[in-house]
Amino acid sequence: MKRSRSAIIGIAAVVALAGCGSGPAPAGEPGGHGGQLTMGFSQVGAESGWRTANTQSIQDAAKAADVNLKFSDAGGKQENQIAAIRSFVQQRVDVIAFSPVVRTGWDAVLLEAKNAGIPVILTDRAVDTEETDVYRTFVGADFVAEGRRAGDWVVQRHASAPGPVNIVQLEGTTGADPAIERNTGFAEAIAANPDLKIIASQSGDFTRSGGKQVMEAFLKAHPKIDLVFAQNDDMGLGAMEAIEAAGLKPGKDIEIVAIDATHDGMAALAAGKFNYIVECNPLIGPQLMELAADVVAGKPIPARVVIPDEAFDSQQAAAALPDRKY
Ligand code: GZL
């Protein structure tokens, strides 16, 4: 199933402008909260340091933009996100934004929001849907590129090493956009060197405890592991604990490559217990509020907003840590 692409901006803009009169809409209609924009936001949960920073960014940005934010934490459950979106529709908020925990299963509720005339913005993660024009834009990172960047580092790191390099992969939440796409990007990159072999891959659900449990099982099952690719810092930190508990040195006996660049991941990297981190910037609150204001005002917005990322080795992490915002 292909992800839908938003309508051609020109058409969306014409439709939106036709629907909005001058000044705030009457009370009860979108924009009818005395002119203050009301946003319903459904968040995945609080599974990782990245998510905590993302939530803080959205809440701080709503305050700074005087947006009336109705925030719902789904505890990692899609059914809770669907219920929250339905509730936002019933409350007739001006705009709905959400970070979909998994890629599929959203068609019905997205159609309900569309039929109610309430625009939807996807943040952080994308969805697969056959429906058209059910969301205005997706603002988030390019996860395939992140996975590829992590894999490229492994390729160059082991370019001259003779013999097989045994890699284990800690996958994110099963069915989540970043888990699917980071897996794709990493596999594409390491295909450049047939000595780089993924000998085991399993979901740790983007959590520290999940990463630790899976890594403990990998260590029992595989006598020679050379490198862990953790699809987020938190699972990498859990793996680091498991490696140390097994009497091995993370970053040396077993290398760790991760994605996010949260504070704890960067501290482990600076200490030499991680080897490389690709950033996935969670601070998308301000951009989300701008996009929401433009959508409600009937202004055209891009169908896709890519959040730029960078990457760090140990030295770069040590230098960057003092100024990091998350
Ligand atoms: C990425 C985000 C992922 C992070 C994890 O945009 O969806 O979910 O990489 C988080 O840390 O749990």
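The values are calculated or read from the model by the stated rules, or taken from the named source; none is laboratory data. Source: prediction; values computed, not measured. Here the Cβ positions follow ideal geometry from the backbone for every residue, glycine too, while neighbour counts run over all protein chains shown. The area values use the complete protein model at the heavy-atom level, side chains included, leaving out ligands, DNA and RNA. Shrake-Rupley method; radii C 1.70, N 1.55, O 1.52, S 1.80 Å.
Details
- Heavy-atom accessible surface of region 143-280: percent carbon and sulfur, 1.4 Å: 53 percent
- For region 120-160 versus region 164-214, the gap between their alpha-carbon centres in whole angstrom: 15 Å
- Listed pairs Lys220/Lys249; Lys220/Lys252; Lys77/Lys273; Lys114/Lys325 exceeding 26 Å between Cα atoms: Lys77/Lys273; Lys114/Lys325
- Diffusion coefficient, µm² s⁻¹, Stokes-Einstein with Kirkwood Rh over alpha-carbon pairs of region 143-280 at 25 °C and 0.890 mPa s: 173 µm²/s
- For a paramagnetic label modelled on Arg304 (point 7 Å from Cα along Cα→Cβ), amide N atoms under 18 Å away belong, within region 91-105, to 100, 103-104.
- Working note: 222 nm ellipticity from helices only, DSSP H runs with n ≥ 4, each -39,500 (n - 2.57), summed and divided by the residues of the chain, gives -12500 deg cm²/dmol to the nearest 500.
- The residues of region 143-280 expose on average 37 square angstrom of accessible surface per residue, using a 1.4 Å probe on protein heavy atoms.
- Quick note on the chain: its Rg to Rh ratio, both from C-alpha atoms and Rh being the Kirkwood radius, is 1.03.
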